[in-house]
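One structure is given here, and the rest of the page talks about it.
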Amino acid sequence: MRRPAQVGAVAPSSARLAAVLASVVPREGCPVVVELGPGTGAVSSVIAQRLPAGSRHIAVELDPAMADYLRYSRPGLEVINGDACELAALLAERGVPRVDAVISGLPWALFGRETQASILAQVTDVIGTAGAFTTFAYLHGMPLSTARRFRRTLRETFDEVLVSHTVWRNLPPAFGYICRRPAATLPGR
Ligand SMILES: C[S@@+](CC[C@H](N)C(=O)[O-])C[C@H]1O[C@@H](n2cnc3c(N)ncnc32)[C@H](O)[C@@H]1O
């Protein structure tokens, strides 16, 4: 409640919405998964349940108090108190050139066009052709031009953008975007 312009939510995501977002997390091998804007960790728990032993789960959270809380409450999580706008540099510092999935809880509607584009460009670089990206939007926000613009930007950025069913058991109801194959990596683009 103290930082509405940074958090952009009235409640943590429900387990059902988290399951949609985490559906791209590989259950085998030693995947590397990055979570952007984990907040209090509602989605982190569901990601962690899917991840096999030996995998890496990195979370980038802007709010220092939330980052501290995650470090304390989730010892398996690699918490970075940082800005998703610096994603490429944060991962490079940790020797991570590629990741299997990026799962975002970022409040996209609060970001300007350039910030959205910059974060998405860094996401597409790290997931490459084989990885996946998921994020969510609130149903009631869809009439807003910013929300429609974000959907358009996703469709321009990725070859495949799937829109999930509406998760009614979320406050407020929401749906997920499941995105694959950055358009910039496709032949002829
Ligand atoms: C809508 S909350 C989502 C929290 C959680 N993922 C969930 O679904 O319940 C957005 C989170 O993104 C964080 N955030 C906002 N801007 C950010 C940025 N530029 N970089 C990293 N985290 C950011 C906020 O501090 C907040 O924790």
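Rounded, prolate or oblate: which fits segment 114-187, taking a ≥ b ≥ c as square roots of the Cα gyration tensor eigenvalues, rounded meaning a/c under 1.5, else prolate when a/b beats b/c? Prolate shape, in that a/c is at least 1.5 and a/b is the bigger ratio. Tally up the carbon and sulfur contribution to the accessible surface of the chain as a whole percent, 1.4 Å probe, everything protein left in place. Solvent-exposed carbon and sulfur of the chain make up 55 percent of the total.
In this view, the solvent-accessible surface of C85, computed with a 1.4 Å probe and all protein chains in place, comes to about 40 Å². Here segment 1-138 is treated as a Stokes sphere of Kirkwood radius computed over C-alpha pairs; at 10 °C and 1.306 mPa s its diffusion coefficient rounds to 106 µm²/s. With both residues required to sit in segment 17-185, DSSP beta bridges show an antiparallel share near 45%. Each Cα pair under 8 Å and six or more residues apart adds its separation to the average, and for segment 17-185 the resulting relative contact order is 22 percent.
Estimated purely from DSSP H runs of n ≥ 4, each contributing -39500 (n - 2.57), the mean residue ellipticity at 222 nm for the chain is -10000 deg cm²/dmol once divided by its residues. Could you tell me the distance between the Cα centroids of segment 110-133 and segment 30-70, to the nearest Å? Using only Cα atoms to place each centre, the spacing works out to 18 Å. A simple spin-label model places the labels of R148 and W168 2.6 nm from each other, with each point 7 Å out along Cα-to-Cβ. All other residues whose Cβ lies under 12 angstrom from that of L21 are scored, Lys and Arg at +1 and Asp and Glu at -1, for a net of +1. Taking other residues whose beta carbon is less than 13 angstrom from the beta carbon of I119, and scoring Lys, Arg as +1 and Asp, Glu as -1, yields -3.
E160 sits among other residues whose Cβ lies under 11 Å from its own Cβ, and their net charge, with Lys and Arg +1 and Asp and Glu -1, is +2. Think of the chain as a dipole: +1 on every Lys or Arg Cβ, -1 on every Asp or Glu Cβ, centred on the Cα centre; then among A184, V96, V10, V10 lies furthest on the positive end. Around the Cα centre of segment 1-146, unit charges on the Cβ atoms of Lys, Arg, Asp and Glu (plus for the first two, minus for the last two) sum to a dipole of about 360 debye.
In the context of the full set of protein chains, residues of the chain present 51 Å² of accessible surface per residue (probe radius 1.4 Å, heavy atoms only).
The values are calculated or read from the model by the stated rules, or taken from the named source; none is laboratory data. Owing to the predicted nature of the structure, the values given are computational and were not obtained by experimental measurement. As a convention, Cβ positions derive from the backbone with ideal geometry for all residues, glycine included, and neighbour counts pool all protein chains shown. Side chains included, ligands, DNA and RNA excluded: accessible areas come from the protein's heavy atoms. Shrake-Rupley method; radii C 1.70, N 1.55, O 1.52, S 1.80 Å.
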